[in-house]
Amino acid sequence: MEQLRGRTALVTGASGGIGRRIARRLAREGTNVVVSGRRPEALAEVVGELRELGVEAEAVIADLGDLGQVDTLVERCEAALGPIDVLVNNAGLESVGAFTAYSREQLTSMVDVNLTAPLLLTHRVVPGMLERKRGHVVFVSSLAGKVGPAYNEPYAATKAGLVGLNQSLRAEYRYAPIGFSVVCPGFVAGEGMFQRMTDEGARSNALLGETPIDKVADRVVEAIRRDRPETIESGAPVRPLLVLGQVSPRLSEWLVERFGATDLFRGVAASRERVG
């Protein structure tokens, strides 16, 4: 989808973090943006920033933990700025802790927000995109969806689900005039999950890497423009490890531990008193 100027995008989870940066990056391309999230005051600030960039922008409050709000979210977005040309499924929940420390409700809520809501939102907007013969859907996954780290089971499972969902959609609609992409950031510095971990005292290293938040937003726009199947942005050369994981899973597991990922997340879980 090369033309973004004058199109309309919906970015979920846009009250802060990566979502806010993605919305701003799209606005700089001339895209009109509907931002969605649960925090009205934060969304109002984002809308103000976007309008200063010369585009139309509106906020729609929605809690995607309530799956019944999916249809009304799309309806309100389209009523505000017209048909959705770009859907960025960014909203997500993260939690670091021992698997047995999660309640059943915590597990199911992460599945609802991180995987089921993007699935339903995509299912809702694709028919219109096909009818108009244009559109692109982006799933913001994670490197955890490619290599599941310790103390991240529900998060890794849902992010891996987005990778598989994207692959299936691309296969089914390979010759259709719409596109699908998945973006898998690693440790993102500046805002979001990793920044909260950093604020608590966690530290990455040269092997694990980290990447600036604006670079992730750039990758999202690049994925839309070039119809990228999958983009990994980690700040470290992880692709050889991903390939190795397919050839030798045991060696890949050993390397992930040696890189320090398990110790890092174990430390975060301990600091949050979620070690089982």
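The values are calculated or read from the model by the stated rules, or taken from the named source; none is laboratory data. Keep in mind that what you see is a predicted model, and the values were worked out from it rather than measured. A quick note on method: Cβ atoms are made from the backbone with ideal geometry, for glycine too, and the neighbour counts reach across all protein chains shown.
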If you check every pair at least six apart or on different chains, which have Cβ atoms under 7 Å apart with a residue in region 248-263 that is part of a loop (DSSP other than H, G, I, E, B) first and a residue that is not polar (S, T, N, Q) second? Gly260/Leu207; Gly260/Leu208
For region 120-144, which residues satisfy the criterion of being surrounded by fewer than 22 Cβ atoms within 10 Å (Cβ to Cβ) and touching a Cys at 6+ places or on another chain (Cβ under 7 Å)? none
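Taking helices (runs of 4 or more DSSP H) that fall entirely within region 65-182, which contain at least 3 residues that are closer than 30 Å to Ala261 by Cα and modelled with pLDDT of 95 or more?
On the way: elements: 70-81, 104-111, 117-132, 153-172.
Those helices (runs of 4 or more DSSP H) span 104-111, 117-132, 153-172.
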Residues of region 226-247 satisfying the condition of being polar (S, T, N, Q) and surrounded by fewer than 15 Cβ atoms within 10 Å (Cβ to Cβ): Gln246
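State yes or no: is Ala79 on the phi < 0 side of the Ramachandran plot, surrounded by fewer than 19 Cβ atoms within 10 Å (Cβ to Cβ) and not β-branched (Val, Ile, Thr)? Explain how you work it out, then say what you get.
On the way: on the phi < 0 side of the Ramachandran plot: yes; surrounded by fewer than 19 Cβ atoms within 10 Å (Cβ to Cβ): yes; not β-branched (Val, Ile, Thr): yes.
It is true that Ala79 is on the phi < 0 side of the Ramachandran plot, surrounded by fewer than 19 Cβ atoms within 10 Å (Cβ to Cβ) and not β-branched (Val, Ile, Thr).
Check Gly17, Gly30, Gly13, Gly54 and return the single one that is in contact with a Gly (Cβ under 9 Å, 6 or more places away or on another chain) and modelled with pLDDT under 95. I'd like the intermediate steps shown before the answer.
Details: Gly30 fails: modelled with pLDDT under 95; Gly13 fails: modelled with pLDDT under 95; Gly54 fails: modelled with pLDDT under 95.
Going through Gly17, Gly30, Gly13, Gly54 in turn, just one is in contact with a Gly (Cβ under 9 Å, 6 or more places away or on another chain) and modelled with pLDDT under 95: Gly17.
Go over the candidates Arg219, Arg250 one by one and state the one that is charged (D, E, K, R), surrounded by fewer than 16 Cβ atoms within 10 Å (Cβ to Cβ) and modelled with pLDDT of 80 or more. Write out each step before concluding.
Details: Arg219 fails: surrounded by fewer than 16 Cβ atoms within 10 Å (Cβ to Cβ).
Result: Arg250 is the single residue among Arg219, Arg250 that is charged (D, E, K, R), surrounded by fewer than 16 Cβ atoms within 10 Å (Cβ to Cβ) and modelled with pLDDT of 80 or more.
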Within region 48-64, how many residues turn out to be closer than 30 Å to Val111 by Cβ and not in a loop (DSSP other than H, G, I, E, B)? 4
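For (1) of a type in the set (S, T, N, Q); (2) surrounded by fewer than 19 Cβ atoms within 10 Å (Cβ to Cβ); (3) closer than 23 Å to Arg132 by Cα, each residue gets a yes or a no:
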| position | (1), (2), (3) |
| --- | --- |
| Gln3 | yes, yes, yes |
| Thr8 | yes, no, yes |
| Thr12 | yes, no, yes |
| Gly19 | no, no, no |
| Asn32 | yes, no, yes |
| Gly37 | no, no, no |
| Glu41 | no, yes, no |
| Leu53 | no, yes, no |
